[in-house]
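The values are calculated or read from the model by the stated rules, or taken from the named source; none is laboratory data. For clarity, every value in this text was computed on a predicted model and none was experimentally measured. For neighbour counting, all protein chains shown are included, and Cβ atoms are generated from backbone atoms with ideal geometry for every residue, glycine included. Accessible surface is based on the protein model in full, side chains and every heavy atom, while ligands, DNA and RNA are left aside. Shrake-Rupley method; radii C 1.70, N 1.55, O 1.52, S 1.80 Å.
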Amino acid sequence: MDAAAALNEIAFWLERERATTFKVQAFRKAAELIAGLSPEELAARRRDGRLKRMKGIGDRTFEVIAQAVDGGVPDYLAGLRERGAEPLAEGGRELLAELRGDLHTHSNWSDGGSPIEAMVDAAGMLGREYLALTDHSPTLRIANGLSAERLGEQLDLIAAIDAGRAGIRLLSGIEVDILEDGTLDQAPELLDRLDIVVASVHSKLRSDRRTMTRRMLSGIEAPHTRVLGHCTGRLLNGSRGTRPPSEFDAKRVFAACAEHDVAVEINARPERQDPPDELIQLALDAGCLFSIDSDAHAPGQLDFLQYGAERAARNGVPAERIITTWPVDRLLGWAGRGR
């Protein structure tokens, strides 16, 4: 099999298993190193020892490349495929099958680890019908948020990538910060051009209940907002440690979501599991729509939708109230950005 493709597929499965970034990048960087080499050149470099001496090729990546050059499926990849055949989550299988898309993902334009094209390819492999790219907005500097100029450049690239892909739609979007004064962190004229706007709070998460409620309500009421992202901001585990949920008047917030037709995100990242189950129930009672999203920062993390589907099913969220089960034309019509 193609050696570079084998290395990239290994990285995908490792991302899905939440392996360390260092381990994943070892395979992705090795794939980049050999991507331009023909099978004949790779075989020659393997025979004369040059492949082993290439900077960025270690023992494991050399073994994978060598076995791929020999025409077989590398042993390491075969083992990962076998593990990958097992579901990430036990429940929610029927709901997972109804999910058509993902409206919250990140690329290496902000704090993701892979090019947009790699994210789209992985989404297609997983059977998604559409994928929204929602990199961060400018105030979130730690995540390399996009300035107005960079977002404009990205929109041109998204249009070009979407035009060249069959079978999956790439939607333009942003995860825009709800700033402390409740405004959205991007120029309105640029937000006008986007298919999907996910609005999230990323700063001052320990603000008092009244302040946070006022801030969130203002963000929800903004006319561009279509999805309220990871509403509590909590972290249950992972490399960033833990963080308690922010405090806000959930009944008022979800009532506003229902009134303004803003979907409440069920964030599928295992370290977030946001909203908590009790808030999903409040949002259900309020009549809210939902969006099950991966919040993927790498191709393999796109499969985290399994976790979100399990939680939604466990909490009795009907498929018809989940916007990511909708066909893309219905979704875009609802979002007001039909193309």
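Under a 1.4 angstrom probe, counting protein chains only, how are 23, 251, 55 ranked by accessible area, largest first? Write out the running numbers ahead of the final one.
Working: 23 90, 251 145, 55 185 Å².
Largest accessible area first, the list is 55, 251, 23.
A straight line joining the Cα centroids of segment 95-169 and segment 38-91 runs 28 Å.
With every protein chain present, what is the per residue accessible area of segment 250-339 (1.4 Å probe, Å²)?
Heavy-atom SASA per residue in segment 250-339 reads 33 Å².
Magnitude of the charge dipole for segment 176-245, about its Cα centre and with charges confined to Cβ atoms of Lys, Arg (+1) and Asp, Glu (-1), is about 540 debye.
Our compactness index for the chain, the C-alpha radius of gyration over the empirical 2.2 N^0.38 Å, is 1.04.
With +1 assigned to the C-beta of every Lys and Arg and -1 to the C-beta of every Asp and Glu, and no other charges, what is the dipole magnitude of the chain about the Cα centre in debye, to the nearest 20?
Values: 43 positive and 53 negative charges, 165 e Å.
That gives the chain a dipole magnitude of about 800 debye.
Largest GNM mean-square fluctuation across 84, 241, 182, computed for the chain with C-alpha springs under 10 Å, falls on 241.
Considering only 336, 257, 318, the residue lying farthest towards the positive end of the dipole of segment 191-339 is 257, judged by Cα position with unit charges set on Cβ.
Just the protein heavy atoms count here, and of the accessible area of the chain at 1.4 Å, carbon and sulfur take up 49 percent.
Determine the shape class of segment 238-301: with a ≥ b ≥ c the square roots of the Cα gyration tensor eigenvalues, call it rounded for a/c under 1.5, and otherwise prolate if a/b is greater than b/c, oblate otherwise. Please report the intermediate quantities before stating the final value.
Numbers: a/c = 2.68, a/b = 1.58, b/c = 1.70.
Verdict is oblate for segment 238-301.
Our estimate of slack between residue 90 and residue 59, defined as 0.36 nm per intervening residue step minus the Cα-Cα distance, is 7.6 nm. Structure remark: mean-square fluctuation, Gaussian network model of the chain, C-alpha springs under 10 Å; the largest value among 307, 76, 130 belongs to 76. Counting lysine pairs in the chain that sit 8 or more residues apart in sequence, or on different chains, and whose Cα atoms lie under 29 Å apart gives 5.
With a 10 Å cut-off between alpha carbons and a GNM built on the chain, which of 166, 222, 66 moves the most? Comparing 166, 222, 66 in a Gaussian network model of the chain, the most mobile one is 166.
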